[in-house]
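Below is one structure, written out as structure tokens; comments come after it.
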Amino acid sequence: MSYKGDSVDVVVIGAGHAGCEAALAAARMGMKTIIFAISLDSVAMMPCNPNIGGTGKGHLVREIDALGGEMGKNIDKTFIQSRMLNSSKGPAVHSLRAQADKKRYSMEMKKTLENEPNLKLKQAEIRELIVEDGKVKGVITTNDMQYDAKAVVIATGTYLKAFCITGDKITYSGPSGLHPANYLSESLEKNGIKLRRYKTGTPSRVDGSTIDYSKTEIQPGDEKIYPFSFTNTEEDIKRDQINCYLTYTNEKTHEIIKANLDRSPLFNGTIVGVGPRYCPSIETKVMNFADKDRHQIFLEPEGENTNEVYLGGLSSSLPEDVQIAMIRTMPGLENAEVMRIGYAIEYDSIDANDLKPSLETKAIEGLFTAGQFNGSSGYEEAGAQGIIAGINAAQKIKGLEPLILDRSEAYIGVLVDDLVTKESHEPYRMMTSRCEYRLVLRQDNADLRLSEKGYELGLISEERIQKVREKKKLIEEEIERLNNSYVGTKENVQELLRRYNSSELTSGVTLSSLVKRPELNYDVLKEIDVNRPDLPSEICEQVNIQLKYDGYINNEMSQIKQFKKLEKKLLPEDLDYTTVQNLRIEAQEKLNKIKPRSLGQASRISGVSPADITVLLIYLEKNK
């Protein structure tokens, strides 16, 4: 018997990074929303690395912000160090990364949830879904409270039937010793949701007061601070930063690991879940890269008011005595006191091929999923899926079309498309290399690309969208001015060119053509540009990038135009591909499993050949 709780529009199960974005998006779109956490101390918790962003991941955070999400604002409030990665390379791969004060990050996000109209935050474990005629109708907690809902978002992270492994010791708990969610999996499977086991892990934390930092390499933050949120300026968030440090494993470290492989759960068969390829344990790195005599280990403070230091790169599930021994072989860590031991964690997740591009499950109408439950890894990937799931839960209730970002519009589009289309046998991690159009989809222009969509959904304010529109207008006007501004062979021009080892002029040229020269840029031409307006730095940055990479950007835009043609050719959702003549049997099976939204999505399914796409194209033409 269950007892009636509130009736709401949207229930979100889980208050990690995916759940927070999902709940906030739904509530801000006018939906009466409840978000459930197994513990209110776990809201936006960082059980692994205490940072936000990184290569490829930083793009996701800025896109979440451009759509009206919270992750960028929250890390801007709580970072203790900020760095722009890959700054020596081209702008397509620049990625912002910020070290967080993990407790403050969690507390600030919890405060945001608590103060959001239309949103209630509750501590409870969800036992089962209420499903009638293939549609989700609500949830029931382990305390027998029933909450009716029009849509449900599952964002359970690594909690479902979770257990942690250190050596031969198995602890039936969620991350950081929190209670696991032991009941929901059975309800999901009963309702046709297939589950599989995945694994992730986290390193030990050591007492920073026992580290000899003189033996390590200092890793300071950047002098210039770039905010994650487009609503902030450098002046808004600039503060004193805390240093991180770098040390290395060595031959002795590796000897200890190799001598204890028989006690490693990864190598003796204790762990059956599949772990993330791009975040391997130290024991995996030592065995797979036997030619490497050392591996980087980053010493990253977990906050301003704690001595705990995260050992980035040292994820391990080896026994506690082995972990302590190997840690103490590294420079600066000879006397380190371990405060929390590293562990692996196994948990239930879904095969994301069983999802629509809206992140709604194919098996149950109105049920959306996001985050590590979908087979991804990382806070940023979780947050990106969360905002999409929350938006589309609201859109579903309103009877409106879902928000589906394609691969040419956003890294979020690449992330979701990869998850729901491509076969994956390990936790998915976002990287810049996964994005075909990365020169167009840069982290610096996410607001210009996505804010209008956020505004249409009601997640971006009128004031904010007007600022974005003004920014776009100023960029266009300045590029136009530079295209029509000429400089001649005057001595001041030639002298500047000589100073930057640039070819001198024999006739007049436009300022835009000079910006495009590799050794010059928009800023250095200021002294010969007599009519230059006084523009904000973010405008200058966009002008410089758009002119300097003009040819490459135009080439990508041509490719995107071709890509869009296939994406616009929609396939019937209920099409039985066994009825399509001349399709190969493998293609029929794969297409019937994934039910692609468009011909473009079909072309990216493993096992579907170009010949199969031609067959589908002919089928569509015949059945217009």
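The values are calculated or read from the model by the stated rules, or taken from the named source; none is laboratory data. Only a predicted model underlies this, so the values are computations on that prediction, with no experimental measurement involved. So basically every Cβ, Gly included, is an ideal-geometry build from the backbone, and we count neighbours across all protein chains shown. Ligands, DNA and RNA are stripped out before the accessible areas are found, and what is left, the full protein with its side chains, is counted by its heavy atoms. Shrake-Rupley method; radii C 1.70, N 1.55, O 1.52, S 1.80 Å.
How many times 2.2 N^0.38 Å is the alpha carbon radius of gyration of the range 468-624?
1.68
If I take all pairs of Cα atoms in the range 404-546, what percentage of them are more than 20 Å from each other?
Considering the range 404-546, 60 percent of its Cα-Cα pairs are separated by more than 20 Å.
Return the loop-located GluC sites (Glu not before Pro) in the range 229-318 (DSSP other than H, G, I, E, B) with at most 16 other Cβ atoms within 10 Å of their own Cβ; answer none if there are none. Mind showing how you got there, number by number?
Values: sites: 234, 235, 251, 255, 283, 302, 304, 308; in loops: 302, 304.
Taking the range 229-318 and a limit of 16 other Cβ atoms within 10 Å, the loop GluC sites (Glu not before Pro) found are 304.
Let's test this: bin the Cα-Cα distances of the range 273-387 at 5 Å from zero up to the farthest pair and state each bin's percent.
Spelled out per bin, shortest first, that is 2, 9, 16, 17, 15, 13, 10, 8, 6, 3, 1, 0.
Given a 1.4 angstrom probe, I'd like the percentage of the accessible area of the chain that is carbon and sulfur, rounded to a whole number.
48 percent
When the label point is put 7 Å from the Cα of residue 398 along its Cα-to-beta-carbon vector, which residues of the range 63-106 have a backbone N closer than 19 Å?
Flagged as within label range: 64-70.
With the cut-off at 23 Å, tell me which of the pairs 120/356; 120/467; 569/622; 356/471; 238/548; 110/169 have Cα atoms farther apart than that.
Distance filter (> 23 Å) returns 120/356; 120/467; 356/471; 238/548; 110/169.
Could you give the size of the charge dipole of the chain about its Cα centre, using +1 on the Cβ of each K and R and -1 on the Cβ of each D and E, expressed in debye and rounded to the nearest 20?
Approximately 1120 debye in magnitude.
Treating cross-link reach as a plain straight distance, find the lysines whose alpha-carbon is under 16 Å from the alpha-carbon of residue 103, omitting any fewer than eight places away in the same chain.
73, 77, 111
Gain in length, residue 473 to residue 41, computed as 0.36 nm per residue apart minus the alpha-carbon separation, to one decimal in nm?
Value of the extension gain: 151.1 nm.
Regarding the chain, what are the three Cα extents along the principal axes, ordered largest first, in Å?
85, 72, 51
Pop the C-beta distance of residue 526 and residue 306 into the FRET formula with R0 = 51 Å and round what comes out to the nearest 0.05.
E between residue 526 and residue 306, to the nearest 0.05, is 0.65.
Using a Förster distance of 35 Å, how high is the FRET efficiency between residue 592 and residue 132, based on the Cβ-Cβ distance and rounded to 0.05?
Once the sixth-power term is evaluated, E becomes 0.85.
How much length would be gained if the chain were fully extended between residue 263 and residue 340, taking 0.36 nm per residue of separation minus their Cα-Cα distance, in nm to one decimal?
Numbers: separation 77, 0.36 × 77 = 27.72 nm, distance 1.93 nm.
Once the chain is fully extended between residue 263 and residue 340, it gains 25.8 nm.
In whole Å, largest first, what are the principal axis extents of the Cα atoms in the range 183-316?
Largest to smallest, the principal-axis extents are 52, 47, 27 Å.
Given labels modelled 7 Å from the Cα in the Cβ direction, how far is it in nm from residue 148 to residue 255?
Distance between label points: 7.0 nm.
Efficiency by 1/(1 + (r/R0)^6): what FRET value for residue 210 and residue 88, r their Cβ-Cβ distance, R0 = 51 Å, to the nearest 0.05?
0.90
Probe of 1.4 angstrom, ligands and nucleic acids ignored: what's the accessible area per residue over the chain, in square angstrom? Don't jump to the answer; show the numbers that get you there.
Working: 26580 Å² over 624 residues.
Heavy-atom accessible area per residue stands at 43 Å².
On full extension of the chain, what length is gained from residue 190 through residue 219, given 0.36 nm per residue of separation minus the C-alpha to C-alpha distance?
Values: separation 29, 0.36 × 29 = 10.44 nm, distance 5.05 nm.
That works out to 5.4 nm of additional length.
Send over the Kirkwood Rh of the range 113-170, from the inverse of the averaged 1/r over different Cα pairs, rounded to one decimal Å.
One decimal place: 14.0 Å for the Kirkwood radius.
At residue 537 and residue 465, where each label point lies 7 Å from the Cα along Cα→Cβ, what is the point-to-point distance in nanometres?
3.0 nm
Please list 3J(HN,Hα) in residue order for the range 149-154, calculated via the Karplus relation 6.51 cos²θ - 1.76 cosθ + 1.60 where θ = phi - 60°; whole Hz, with x for glycine and proline.
8, 8, 8, 10, 10, 8
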